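Here is the structure we will look at, set down as structure tokens.
None of the figures in this text is laboratory data; all of them are computed from the coordinates on show. What you see is a predicted model; the values in this text were computed from it and never measured. Here the Cβ is made from the backbone with ideal geometry for all residues, glycine too, and neighbour counts use every protein chain on show.
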Amino acid sequence: MNIVNDIKQAFNKANIVERIIYINVLLFLFTALFSAFFIEYFTLPAQFNEFISKPWTLISYAFIHERLFHILSNLLVLYYIGNLFLNFHTPKQFLNFYFLGIIVGGLTFLGYYYFTNKTGSSLGGASAAVSTVFIAIATKIPRYALRLRFIGSVELWVLAAIWVSLSILQLANPNNGGAIAHLAGALFGFIYSNQLAKGNDIGKWFENLISYFSNLFKAKKDVNLKTVHRSKNKTTNTNVTLSKQRKIDAILDKISKSGYDSLTKEEKDFLFRAGKK
């Protein structure tokens, strides 16, 4: 029981990226134990008629991994890139990118097989969502350099280009629906990030939708109390957030023009602290 409690505490203390990783690992273990059941009912079918009878698979497929290497590659990239993403975006925005990437990748996968009349294997794995987050943050800070062991500093746009190229190479495979879903997620991440930089949050509707359903499970009294609490601190919190965001934007501009290494120690420390909050 101590192990279970330790896992619960670790999950509660984790940020949103780490929680997504925990959920993926847990479902991978279940998939390994009950492979036939999970693949049958939770991966995304290539045939639209079959999908109609299992509409939940448009989301659930992203949490089903059959192969150890598949989940390791996805979750390792998600851990580093996802936490970098949180240095410049909110957890809610991360969920917007991640889950909309899942949906866009899944719909593109279905559309490909529907319009080409081809047959293919069902889709499973978080690659479309990971691609969305990866390309989104690489679009925002392409000159940001990551230090890789045995290699040295590599700018983010180079790593993103390699990631996308791997999916392009997979298009040569007969069963290439998965690669198309990955590329759709990457393209969506690029578009969403560009629109967000212009002040147009095209995924805000998804955030509002999740908030709406979340509020349905809250007691009316609790909602009223939280609303009053927020109203007392609205001005102060807004001023602090705007000041912090302006400083982050100024640092991002500097990274974009001169690269990450041009930052002062104070600026690097500020970005690190911002990402931990």
Choose one of LEU183, GLY106, SER262: the residue whose Cα lies farthest towards the positive end of the charge dipole of the chain (beta-carbon charges +1 Lys, Arg; -1 Asp, Glu; about the Cα centre).
SER262
If you take the beta carbon distance between ASN200 and LEU68 as r and set R0 to 35 Å, what does 1/(1 + (r/R0)^6) give as a FRET efficiency, to the nearest 0.05?
0.30
With 30 Å as the limit, write out which pairs from LYS13/LYS265; LYS13/LYS198; LYS13/LYS140; LYS13/LYS254 have Cα-Cα distances beyond it, or answer none.
LYS13/LYS198; LYS13/LYS254
Could you tell me which chymotrypsin sites (Phe, Trp or Tyr not before Pro) in segment 1-104 are loop residues by DSSP with no more than 16 other beta carbons within 10 angstrom of their beta carbon?
PHE34, TRP56
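Note the per residue figure in Å³ for the convex hull of the C-alpha positions in the chain.
On the way: hull volume 49.3 nm³, N = 277.
In the chain, the Cα hull volume divided by residue count equals 178 Å³.
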For the pair ASN49 and LEU33, how long in nm is the line joining their label points, each one 7 Å along Cα→Cβ?
3.6
Rank these for me by crowding, HIS65, HIS89, HIS70, HIS182, going from fewest to most other beta carbons within 10 Å.
HIS70, HIS89, HIS65, HIS182
Partner aspartates and glutamates for LYS54 [C-alpha distance under 16 Å; skip if fewer than 8 residues away on the same chain]:
GLU40
Could you tell me which of GLY152, TRP205, SER131 has its Cα farthest along the dipole of segment 2-212 towards the positive end, charges placed at Cβ (Lys, Arg +1; Asp, Glu -1), taken about the Cα centre?
GLY152
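Return ARG246, ARG143, ARG19 ranked ascending by Cβ neighbour count within 10 Å, so the fewest neighbours appear first.
The order, fewest Cβ neighbours first, is ARG246, ARG19, ARG143.
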Checking rank on 266-272, 100-106, 130-136, with mean other Cβ inside 10 Å and highest first, the result is 130-136, 100-106, 266-272
Relative contact order for the chain: what is it in percent, counting Cα pairs under 8 Å that are at least 6 residues apart?
19
Can you find, among LEU68, ILE81, PHE34, the residue farthest towards the positive end of the dipole of the chain? Put +1 on the C-beta of Lys and Arg, -1 on that of Asp and Glu.
ILE81
The answer for the chain, counting only DSSP H helices whose Cα atoms cover 27 angstrom or more along the axis and whose Kyte-Doolittle average is 0.5 or greater, is 91-116, 177-197
Amide N of segment 116-133 lying under 19 Å from the label point, which is placed 7 angstrom from the Cα of TYR41 along Cα→Cβ:
122-125
Taking R0 as 51 Å, what FRET efficiency do you get between LEU107 and ASP6 from their Cβ-Cβ distance, rounded to the nearest 0.05?
0.85
What are the semi-axes of the equivalent ellipsoid of segment 1-63, taken as the square roots of 5 times the eigenvalues of the Cα gyration tensor, listed largest first and rounded to whole Å?
29, 14, 7
